[in-house]
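Below is one structure, written out as structure tokens; the observations come after it.
Values in this text are rule-based calculations from the coordinates and carry no lab data. Treat the numbers as computed from the prediction; the structure is a model and nothing was measured. Cβ sites come from the backbone with ideal geometry, for glycine too, and all protein chains shown count toward neighbours.
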Amino acid sequence: LIQQQVNLLIIDPFPPGPHDPQGVHKAIGDEFSDEPFELPPDKPLTLAAYQVEPIKTSYVEPIAVGDRLPDMPLFLYDEHYINVPLEETYQATRNVLPAELRQLLEPPAQS
């Protein structure tokens, strides 16, 4: 999509795997920058916004399970974007789930 000049907002809640040992941003980000990128060991998950014009730019937020999700830009065209309220959206959705489903999102109780 990036090669077709499509702006992206990637929310990657999964840890790096065998096909992306440095995470999805490293795989995508190499098209945007020659600067090295390494995930911090304590924040193995990635949020990344990619702007294709006027110049290719990436905005990356490494996160960990339990972190509050930041607002992230979603570029519409050129320098025009909207902020996507990720935490607010997650919490609003979580709050309307039936209790049985909401429990699946909760950490296990400590003994």
Read phi for every residue in the stretch 47-54 and hand back ³J(HN,Hα) as whole Hz from Karplus 6.51 cos²θ - 1.76 cosθ + 1.60, θ = phi - 60°, with x for Gly and Pro.
10, 8, 10, 10, 10, 8, 9, x
Quote the FRET efficiency, to the nearest 0.05, computed for Q22 versus T89 with a Förster distance R0 of 22 Å and r equal to the Cβ-Cβ distance.
0.20
Please state the equivalent ellipsoid semi-axes for the stretch 1-57: what are the square roots of 5 times the Cα gyration tensor eigenvalues, largest first, in whole Å?
21, 12, 10
Add -39500 (n - 2.57) for each DSSP H run of 4 or more in the chain, then divide by its residues: what number comes out at 222 nm, to the nearest 500 deg cm²/dmol?
-6000 deg cm²/dmol
The residues T57, T93, T46, sorted from fewest to most surrounding Cβ atoms within 10 Å, come out as T93, T57, T46
For the stretch 71-111, the Debye formula with one identical point scatterer on each Cα and no solvent gives log10 I(q)/I(0) at q = 0.17, 0.22, 0.27 Å⁻¹ as -0.62, -0.76, -0.89
In cubic angstrom, how much convex hull volume per residue do the alpha carbon atoms of the stretch 43-106 span?
88
Write down, largest first, the equivalent ellipsoid semi-axes of the chain in whole Å, where each equals the square root of 5 times an eigenvalue of the alpha-carbon gyration tensor.
29, 19, 11
Taking the highest mean first, how do the peptides 2-12, 20-30 order by number of other beta carbon atoms within 10 angstrom per residue?
20-30, 2-12
Long-range amide H partners of I63, meaning residues 5 or more apart or on another chain whose placed amide H is closer than 5 Å, are L45, T46, L47
How large is ³J(HN,Hα), in whole Hz, for each residue of the stretch 69-77 in order, when computed from phi with the Karplus curve 6.51 cos²θ - 1.76 cosθ + 1.60 and θ = phi - 60°, using x for Gly and Pro?
7, x, 5, 10, x, 10, 6, 8, 6
Which angle from 0 to 90°, rounded to the nearest 10, does the C-alpha axis of helix 86-96 make with the longest principal axis of the chain?
30
